[in-house]
Amino acid sequence: MENTSRLFEGDVIAPQQYREIFSRSRHLQPEQELMLAILCDAIDCVLKYCDEPLPVRAKLFEEAREWLFDENSQEPFSFLNVCEGLNLDPSYVRRGLRAKIQSKVALGPGRPSGKKPAPNTARAVRA
């Protein structure tokens, strides 16, 4: 019973051990950092603007959607090549994006998840 207070004590670790535990376990090459930034930007544009009626935002959505769902691997920074460079499965990423877009569009612009969208406000998702 005397040792039960030790159960709730924090672990003591050296600063070097802390850095090793909480630093990135796999460092990316500069090209991979760029690829990751491109992918994150495209995903952000698609998710932010999939239900936006403004022309500028709709254009950003369309450009990002076209890049994400393009099957061309000729360009060095095509979606397929970016996924390959980051060791990601493109079909898995696309499946997740489709589901997220469809759920967001079904909710309508600015609607909390519990409310139903107004009729004919959702934009179709082409893939």
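Every number here is computed from the coordinates shown, using simple stated rules; none is lab data. None of the values given here were measured: they were computed from a predicted structure. Here the Cβ positions follow ideal geometry from the backbone for every residue, glycine too, while neighbour counts run over all protein chains shown.
Here the 3J(HN,Hα) profile of the stretch 44-61, calculated from phi with Karplus coefficients 6.51, -1.76 and 1.60 at θ = phi - 60°, is 4, 4, 5, 6, 6, 10, 5, 10, 9, x, 5, x, 5, 6, 5, 5, 4, 4 Hz, Gly and Pro shown as x. Between amide H atoms placed 1.01 Å from N, distances below 5 Å from Ser73 occur with no residue 5 or more places distant or on a separate chain.
Between Glu33 and Ala106, the FRET efficiency estimated from the beta carbon spacing at R0 = 35 angstrom works out to 0.55. Note that the stretch 37-43 has calculated 3J(HN,Hα) couplings of 5, 5, 4, 4, 5, 5, 5 Hz, one per residue in order, obtained from phi through the Karplus relation 6.51 cos²θ - 1.76 cosθ + 1.60 (θ = phi - 60°); glycine and proline are x.
Calculated FRET efficiency, Asn87 and Glu66, Cβ-Cβ r, R0 22 Å, to nearest 0.05? Don't jump to the answer; show the numbers that get you there.
Numbers: r = 24 Å, r/R0 = 1.07.
Step by step, r from the Cβ atoms, then E = 0.40.
The calculated FRET efficiency for Glu52 paired with Ala99, based on their beta-carbon distance and R0 = 25 Å, is about 0.85.
Sort Leu97, Leu86 so that the residue with the fewest other Cβ atoms within 10 Å of its own Cβ comes first and the one with the most comes last. Walk me through the numbers on the way to the answer.
Working: Leu97 21, Leu86 14.
Taking fewest neighbouring Cβ atoms as first place, the list is Leu86, Leu97.
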